[in-house]
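Below you'll find the structure, written out as structure tokens, and then a few comments.
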């Protein structure tokens, strides 16, 4: 069943790299890429076990340990939970930021940190997507207090984008409540991925925060889209103004904003270093003297989606997990944050070289950076390719995509693990459900060649953290758990007793803290009356106890728990508090009722005694309820419904209990998931709805193959649940790309290939076409002339309902044995050439104090590209320039005198006979000008 149609459109000067994005980061970073099916049991290295430390959480995104033993967990929806310790299974919500947090796709509460001076400095720090513009109020798109937020259409999540921002805040913890202080509010984000990132403290007390570029994952984004266009207001157009190459500085180019002048600096695509008290830049930051507050904060930039950070123990180094686009993921190393702002190159560079889609746009920001040579950017410490194992040691799956949700990692600084793990780096890939370890090399750094799986089939890791005891914990976003990797086959404390018995732990204090003085297994019912005495090992006053056990409740039903306590008592069933009477009191009876499903449930009792009599009792009674799971039914859309990008998909449904009685809408939960299937499938949750019988969502844009999965879950009064899923396939169309002459290189989205080739797109999907120019084919230099649809050399296209072919026409520019010369009226080879022409070899230009064709006598540059015949064997290439000069052979830099000028040479050993491309680049400052290249 068709939902509608959208006509083909094109927009000039936009390059669409259709990446499989997450968070979608390779659709937006958290992008949260979830495995389609329940993953297999986690398989850590021999001697280790993957256990559940905490459960019952809602999309946990970060876990942090406080020095006093407390554990804090951030939930994507915008809440922070506090556990008293590893033995606590009932958290306390200490912060609720949901009204300000935009929890949609990869957006949400993603970063959390605990002050190193905690609890004397009782501060937590949170980093989250703010549901409103920079300096604005929330909520702009969502509903106050809601768990999940929408992006309506219009503007559409991947069409024009729901523009938001991000905040770094300081939370002061008093008891079990927090108050909020805003530290930084920036990070304009147009599209639903590449959102905010992580928080980490340096050893000097500096607070580091990361943020993504907020740009599109569907096309090369330089600010050309939106309603109004360029809603983040980047130069030169500003809000609503035209954005075209080569001058555009918007979209992903915000990551290079520190290099541009004349406009305020944004924090997109950066790592900042600030005071945890004020959010201001620290006085020893590299740009501390800048007049721009954001420039003062930045210590690293040129990042796409720096989803996770960690600090290398014993150093000032900050390590960055930067989520890539269509081909690469990166682990980046920021060696000395206070030395100079470090540029990691995005979007001009990615992985092991230039980023093809942005390179093809000839943007001034990137061309200026290229002109400075590869040394102007810092290469990744460890890049790895999508769809490929890390190395021969890697057995993690690669078919479900590659880290489209982000990287997370932490250094290991010693603890109960074997000595080989000291100084090791753990890092994870959410799409691959894998955690790797990179052990230390002879230089003390993680050895790239030693990277190997540590936990395969991990439970969707989105954050790694080393506990104070030296064990690896990770947040399982989809499963709602925090996992703990234990060495030696041991299990986390407390140890367990047989089903049907309590594990009793008695503490010599009233706070259930520290190691228990006595542990024992005790049968139910819990019935202690010590009078003025106490159990052996504690008391008689100021002690506490915890009883934890699993019990079979048979067929389940309406269960009433009865507690008698002197003094305070708490009772929880399956981690949910049922009775909470935590105060001094004489023996008092309390009751609580809950519907339980058939089978085994956990019961936990916590209790304390101050003085006088000591009583702790618990019993329960169950009234049976109808057997059978609930039955959810999706009424609309009907099975077989198809969709295209931008359409509104409405859905309705209902459910009955096991006895066939209707359940209210409050018993229903919906979730729409984008299922990306490059081979095996992985999931990107888009939005969820609770307590409604229906709702709607705009169909998203994404590279194909992908489809939607609508899930409806019903929960009956006894807590039994059942879920049904309706798969919704997209309508697709073939798009063919050709050139005249055939065989030339063209980029469609993120794919660059020789023509002709055909790709499948979802109807309504926006991507881009780029005609690479100039390029060499069959020994001849070819130059782009036009596209068959009249578009610019790089332009956006939107897939219509009919198959289409786009043909790029080229022309021969210079004969074999000649250079195609381009002269620029600047020193950076950027913008449109002032003049072009064919020039004979050898290259020997001496202008003296004069000017090159079309330029002034100073501050110009030139590029010569030609195809020349060589005999087989060795050839010596020599280049001389009074200023900067460099020479490429078949695209590989062979002579680099860009910084120093003068003469350089290179011997080409065993060059194959035939034609080879020579490209020479040169710039002139002042004085005499000359450039010469020869070979023997």
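Can you pull out the residues in the stretch 165-206 that are under 30 Å from residue 227 (Cβ atoms), surrounded by fewer than 21 Cβ atoms within 10 Å (Cβ to Cβ) and in contact (Cβ under 8 Å) with a residue 60 or more places away in the chain? Result: 182, single match.
Among the residues that make up the stretch 323-346, is at least one of them touching a helix residue (DSSP H, G or I) at 6+ places or on another chain (Cβ under 7 Å) and not in a strand (DSSP E or B)?
yes
Of the residues that sit in the stretch 99-117 and are surrounded by fewer than 19 Cβ atoms within 10 Å (Cβ to Cβ) and more than 15 Å from residue 180 (Cα to Cα), which one is nearest to the chain's Cα centre (by Cα)? Ranking the qualifying residues of the stretch 99-117, first place goes to 116. Counting the residues of the stretch 708-745 that are touching a helix residue (DSSP H, G or I) at 6+ places or on another chain (Cβ under 8 Å) and not in a loop (DSSP other than H, G, I, E, B) gives 2. Here is the figure for the stretch 97-123: residues that are in a strand (DSSP E or B) and within 23 Å of residue 465 (Cα to Cα) total 7. Against the test of being part of a strand (DSSP E or B) and either modelled with pLDDT of 90 or more or closer than 25 Å to residue 375 by Cβ (or both), the options 919, 827 yield a single qualifying residue, 919.
Rundown of residues vs (1) at pLDDT 90 or above; (2) outside the structural domain of residue 68 (by TED's automatic domain parsing); (3) out of contact with any helix residue (DSSP H, G or I) (no Cβ under 7 Å at 6 or more places or on another chain), yes/no style:
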position: 432; (1), (2), (3): no, no, yes
position: 435; (1), (2), (3): yes, no, yes
position: 438; (1), (2), (3): yes, no, no
position: 446; (1), (2), (3): yes, no, yes
position: 462; (1), (2), (3): yes, no, yes
position: 466; (1), (2), (3): yes, no, yes
position: 478; (1), (2), (3): no, no, yes
position: 483; (1), (2), (3): yes, no, yes
position: 515; (1), (2), (3): no, yes, yes
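Among the residues of the stretch 841-858, those identified as assigned to a strand (DSSP E or B) and touching a strand residue (DSSP E or B) at 6+ places or on another chain (Cβ under 6 Å) are 843, 844, 845, 846, 847. Of note, residue 855 satisfies the criterion of being crowded, with 21+ Cβ neighbours inside 10 Å, in contact (Cβ under 8 Å) with a residue 24 or more places away in the chain and in the same structural domain as residue 922 (by TED's automatic domain parsing). Answer with yes or no whether residue 453 is surrounded by fewer than 18 Cβ atoms within 10 Å (Cβ to Cβ), touching a residue at least 24 places away in the same chain (Cβ under 8 Å) and touching a strand residue (DSSP E or B) at 6+ places or on another chain (Cβ under 8 Å). So residue 453 fails the test. Would you call residue 304 under 15 Å from the mean Cα position of the chain (by Cα), closer than 26 Å to residue 190 by Cβ and touching a residue at least 24 places away in the same chain (Cβ under 8 Å)? It is true that residue 304 is under 15 Å from the mean Cα position of the chain (by Cα), closer than 26 Å to residue 190 by Cβ and touching a residue at least 24 places away in the same chain (Cβ under 8 Å). Restricted to strands (runs of 3 or more DSSP E) entirely inside the stretch 859-916, those with at least 3 residues that are surrounded by fewer than 21 Cβ atoms within 10 Å (Cβ to Cβ) are 860-870, 873-881, 892-897, 902-911.
Which of the residues belonging to the stretch 667-686 are under 16 Å from residue 722 (Cβ atoms) and not in a strand (DSSP E or B)? If the condition is that a residue be under 16 Å from residue 722 (Cβ atoms) and not in a strand (DSSP E or B), then 667 is the only one that fits.
Which residues, counting only those in the stretch 119-162, are touching a residue at least 40 places away in the same chain (Cβ under 8 Å) and under 22 Å from residue 272 (Cα atoms)? Within the stretch 119-162, 123, 124, 125, 126, 127, 128, 129, 130, 133, 134, 135 meet the criteria.
The set of residues in the stretch 363-374 that are touching a strand residue (DSSP E or B) at 6+ places or on another chain (Cβ under 9 Å) and surrounded by fewer than 18 Cβ atoms within 10 Å (Cβ to Cβ) comprises 373, 374.
Could you tell me which residue of the stretch 757-781 is nearest to residue 730 (Cα to Cα), considering only residues that are part of a loop (DSSP other than H, G, I, E, B) and in contact (Cβ under 8 Å) with a residue 40 or more places away in the chain?
Out of the qualifying residues, it is 763.
Among the residues of the stretch 207-245, write down those that are surrounded by fewer than 24 Cβ atoms within 10 Å (Cβ to Cβ) and in contact with a helix residue (DSSP H, G or I) (Cβ under 6 Å, 6 or more places away or on another chain). Result: 226, 227.
Looking at this structure, is residue 283 surrounded by fewer than 18 Cβ atoms within 10 Å (Cβ to Cβ), more than 16 Å from residue 210 (Cα to Cα) and assigned by TED's automatic domain parsing to the domain that holds residue 200? Considered against the rule, which asks whether it is surrounded by fewer than 18 Cβ atoms within 10 Å (Cβ to Cβ), more than 16 Å from residue 210 (Cα to Cα) and assigned by TED's automatic domain parsing to the domain that holds residue 200, residue 283 comes out as no. Restricting attention to the stretch 127-144, does a residue exist that is surrounded by fewer than 20 Cβ atoms within 10 Å (Cβ to Cβ) and assigned to a strand (DSSP E or B)? Within the stretch 127-144, not a single residue is surrounded by fewer than 20 Cβ atoms within 10 Å (Cβ to Cβ) and assigned to a strand (DSSP E or B). For the stretch 504-532, a tally of residues being surrounded by fewer than 14 Cβ atoms within 10 Å (Cβ to Cβ), touching a strand residue (DSSP E or B) at 6+ places or on another chain (Cβ under 7 Å) and part of a loop (DSSP other than H, G, I, E, B) returns 4. How about the stretch 687-707: which of its residues are part of a strand (DSSP E or B) and either free of Cβ contacts under 8 Å to residues at least 40 places away in the same chain or closer than 18 Å to residue 766 by Cβ (or both)? Across the stretch 687-707, the qualifying residues are 698, 706, 707. Residues in the stretch 746-756 that are under 17 Å from residue 795 (Cβ atoms) and either in a strand (DSSP E or B) or at pLDDT below 95 (or both): 746, 747, 748, 749, 750, 751, 752.
The values are calculated or read from the model by the stated rules, or taken from the named source; none is laboratory data. Here the structure is a predicted model, which is why all the values come from computation and not from measurement. Virtual Cβ from ideal backbone geometry, glycine too; neighbours counted across all protein chains shown.
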